[in-house]
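Colleague: Quick one: the structure is below, questions incoming.
Only the coordinates and a few stated rules stand behind these numbers; no lab work does. Being a predicted model, the structure only gives us computed values, none of them experimental. Virtual Cβ from ideal backbone geometry, glycine too; neighbours counted across all protein chains shown.
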Amino acid sequence: MTDFKPPKPRKNKYPAEGITLEMMVIDLVSVYGWELLGEKIYIRCFNLDPSIKSSVNFLRKTEWARIQVETLYRWRAATGWDPRDDSDPTPVTTQFPELNAGKYEE
């Protein structure tokens, strides 16, 4: 008889929509690009030798950074704002001051 193990439950905050952290990063990079995204959310994995894989790994381990990425993703999805409409790269922590509490740089 085969040992059947049920799949592990997903810890994704968006299970109904099927949006993963990797999908959020890919979408934000496609809209903002690495340079502008690194200005909006300053973490090294966006600014120094950026890649999707390293960014997702860091965001899974670091709650404050993941919250900022999710907040930017939700805000952009709700407003439909495109960075090509405005050249002012306002940091996420300026748009949402409550995210500054307990923030530590990488």
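Colleague: Quick check: pseudo-label points 7 Å beyond the Cα along Cα→Cβ at Asp49 and Trp75, how many nm apart are they?
Modeller: 3.0 nm
Colleague: On a full-extension model of 0.36 nm per residue, what is the gain between Lys61 and Val31, subtracting their alpha-carbon distance, rounded to one decimal in nm?
Modeller: Gain on stretching Lys61 to Val31: 8.4 nm.
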